[in-house]
Amino acid sequence: MTRARTDCLLVWGLAGALLAGLLALTLLPWWLELDALDARIASAEDRLARYQRIAAGLPALRTELERVRTDPTLAGLYVQAATETIAGAELQRQLQEIIAAARGRLISVQLLPATGADAEAPTRLHVRAQVQGTTATLFEILYRIEQARPLLFVERLSARSAAQPEQRLRASRAATPSLATAPEGALVLRLDVFGFVRGEGT
């Protein structure tokens, strides 16, 4: 009798353990999914709260942006011109003066397409210049750009040796004599520079 009862309890125990295992296998993924869902909800609520704070501050930011945009004391930081064409010519002239003051030899200069982040942001005019000079020329150009008014910013800069391979000297003399006769240690610099443009009426 005792042995039969023991066997019965063992069977029921195994059945209970099996049932508990099946329930765990069934409920564990569901519980993990709920936990992950709670984490995503908490993250979304946090982002929403941040966005609401940013949105609440937008009117003040717009007011400050307009004040800065129309502040006459900041006019000297922008290229002032009635049209982008005139502004582009002024930007090229300013960059050419910087290169000449740094004792660089201007090879070419061109106006690149203007860009603007949005309607409220000032237009950015880009100028690309190719210059022959030395390392000292490069440092002087960068220093003068940093000090320039209206403000100028270097977007891209590359430098390579101006020395030409022997087999290309004849072709170089015909195409770009300034490069073919470059002194030892000379560099060819390419700079992409931009400035902000504001119309004369703003």
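Highest first, please rank the peptides 40-50, 147-157, 127-137 by the mean number of other Cβ atoms sitting within 10 Å of their residues.
Numbers: 40-50: 10.0, 147-157: 14.0, 127-137: 18.5.
Ranked by mean Cβ neighbours within 10 Å, highest first: 127-137, 147-157, 40-50.
The string of couplings for the range 88-94 from the Karplus curve (6.51, -1.76, 1.60, θ = phi - 60°) is x, 5, 5, 5, 5, 4, 4 Hz, one whole number per residue in order, with x for Gly and Pro. The protection proxy used here, the mean number of other Cβ atoms lying within 10 Å of each residue, ranks peptides 104-111, 54-61 as follows, highest first: 104-111, 54-61.
Taking amide H positions as modeled 1.01 Å from N, with prolines and chain starts lacking one, the residues under 5 Å from residue 112 and 5 or more places away or on another chain are 126, 127, 128. Phi angles across the range 48-60 convert, under the Karplus curve 6.51 cos²θ - 1.76 cosθ + 1.60 with θ = phi - 60°, into 3J(HN,Hα) values of 4, 5, 5, 4, 5, 5, 5, 4, 5, x, 4, x, 5 Hz, Gly and Pro given as x. Relative to its Kirkwood radius, the Cα radius of gyration of the range 91-154 gives an Rg/Rh of 1.02. Taking other residues whose beta carbon is less than 15 angstrom from the beta carbon of residue 158, and scoring Lys, Arg as +1 and Asp, Glu as -1, yields +2.
The numbers here are math on the coordinates, done by the rules we state, and not lab data. None of the values given here were measured: they were computed from a predicted structure. Don't worry about glycine lacking a Cβ; one is built from the backbone with ideal geometry, like all the others, and counts go over all protein chains shown.
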